[in-house]
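The values are calculated or read from the model by the stated rules, or taken from the named source; none is laboratory data. Note that the structure is predicted; figures quoted are calculated from it, not measured. Neighbour counts run over all protein chains shown; Cβ positions are idealised from the backbone, glycine included.
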Amino acid sequence: SEFALALKSALRNNELRLQFQPQHSVATIEMIGFEALLRWNRGDDHRVSPADFVPIAEETGQIVEIGAWVLREACREAASWTRPLFVAVNVSARQIALSDVVGLVREVLFETGLPASRLELEITESAVISDLNHTLHVLRQLKATGVRIAMDDFGAGYSSLSVLRAFPFDKIKMDRSLMAEADRVPQAAAIIRAVIGLGRSLGIPVLAEGVETMAQLDFLRREGCGEAQGYLLGRPAPIEAFADVVRSNG
Ligand code: G
Ligand code: G
Ligand code: MN
Ligand code: NA
């Protein structure tokens, strides 16, 4: 399609960029790392959301090349920071199915000099389910390189619990739809509490996504949630917006 063709030239024409969104400790509000988020500007401020073009890139297989670019760019950037903040990179199910993600990660860590301990890979539960055996095999190999694996969008799909049982994830990222409903829907607040308890039982941190208000942050603090991300704490932005933080010593 026209869209897929335009996407193909996007990489060559330098139209792809990364933005970074901070992740914070709930207890101390200290910044702990960033999620790298892909942005496509087709020119003349014609911005296309990854929610629209990532699914197409997955269909056409272009996600392999684009995903490799994202990983390389994110790790190169993080390696230049003077503070040892981590960077979290989204990895698509199709990337795992179609390409050698383990080889790519090893190569990029070697090339950029970023310590594996500062890289986190975010995988959605649907990615794990789509080809359980192959994905679990890849995730184990990835973990052996020393990177952390986070379950992304937890609570948005159908089989979260079985996926958590099948693989020792290093972090749970609670889907932002839970946070959005927490004030209005009692079930959502109850589920957030339960997920925080689940993380505690499993011994892994839980990060709440989509935190937009002080009331939500207070709720998370009362419930003992470890980490948060959202517009209240910082919107996704070019890394220059965070230059002071990533280059400071404190
Ligand atoms: O940043 P925004 O909320 O517009 O992102 C929309 C969706 O696109 C989210 O689900 C996010 O996970 C996904 N996304 C953003 N950047 C990347 C990326 O680099 N790779 C993949 N596979 N998905 C991404
Ligand atoms: O699916 P994933 O978690 O990777 O997607 C992250 C997406 O969530 C990004 O596209 C980012 O723009 C969006 N996002 C981040 N913080 C907030 C927030 O506080 N509110 C809303 N509505 N979206 C957010
Ligand atoms: Mn994510
Ligand atoms: Na998410």
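Filtering the range 116-136 to residues that are surrounded by fewer than 14 Cβ atoms within 10 Å (Cβ to Cβ) and modelled with pLDDT of 95 or more leaves only S117. Just a yes or no: is a residue in the range 214-226 of a type in the set (G, A, S), more than 16 Å from ligand 1 (Cβ to nearest atom) and under 30 Å from E77 (Cα atoms)? So far as the range 214-226 goes, yes, one or more of its residues are of a type in the set (G, A, S), more than 16 Å from ligand 1 (Cβ to nearest atom) and under 30 Å from E77 (Cα atoms). Only one of the listed residues (V147, V206) is within 16 Å of ligand 4 (Cβ to nearest atom), crowded, with 19+ Cβ neighbours inside 10 Å and not aromatic (F, W, Y). That residue is V206.
Summed over the range 113-137, residues that are assigned to a strand (DSSP E or B) and of a type outside the set (A, V, I, L, M) total 3.
Cβ-Cβ distances below 8 Å connect the following pairs, each with a first residue in the range 152-168 that is of a type in the set (V, I, T), a second residue that is in a helix (DSSP H, G or I), and a separation of six or more residues or different chains: V163/E125; V163/V128; V163/I129. Taking the range 209-250 as the range and being surrounded by fewer than 19 Cβ atoms within 10 Å (Cβ to Cβ), within 17 Å of R176 (Cα to Cα) and either touching a Cys at 6+ places or on another chain (Cβ under 7 Å) or of a type in the set (S, T, N, Q) (or both) as the test, only T213 passes.
Hey, can you tell me all the residues within the range 138-176 that are part of a helix (DSSP H, G or I) and of a type outside the set (D, E, K, R)? Matches in the range 138-176: V138, L139, Q141, L142, A144, S160, L161, S162, V163, L164, A166. Considering only residues in the range 163-186 that are touching a strand residue (DSSP E or B) at 6+ places or on another chain (Cβ under 7 Å) and not hydrophobic (A, V, I, L, M, F, W, C), the one that is farthest from ligand 1 (Cβ to nearest atom) turns out to be D170.
Please determine, by comparing only the residues of the range 173-217 that are of a type in the set (S, T, N, Q) and more than 22 Å from the chain's Cα centre (by Cα), which one is farthest from F34 (Cα to Cα). So, considering only residues that are of a type in the set (S, T, N, Q) and more than 22 Å from the chain's Cα centre (by Cα), the one farthest from F34 (Cα to Cα) is Q187.
Taking helices (runs of 4 or more DSSP H) as the structural unit, those lying wholly within the range 2-112 and holding at least 1 residues that are closer than 22 Å to G234 by Cβ correspond to 50-60, 63-79.
Considering only the range 113-131, I want to know if a residue exists there that is away from ligand 4 (no atom under 16 Å from the Cβ), closer than 19 Å to A74 by Cβ and among the polar types (S, T, N, Q). Yes.
F219: in contact with a strand residue (DSSP E or B) (Cβ under 8 Å, 6 or more places away or on another chain) and either assigned to a helix (DSSP H, G or I) or within 16 Å of ligand 3 (Cβ to nearest atom) (or both), yes or no? Taking the combined requirement at face value, the residue does not satisfy it. Can you tell me which residues in the range 21-68 are within 9 Å of ligand 1 (Cβ to nearest atom), crowded, with 18+ Cβ neighbours inside 10 Å and of a type in the set (G, A, S)? A36, A57, G67 - these are the residues of the range 21-68 that are within 9 Å of ligand 1 (Cβ to nearest atom), crowded, with 18+ Cβ neighbours inside 10 Å and of a type in the set (G, A, S).
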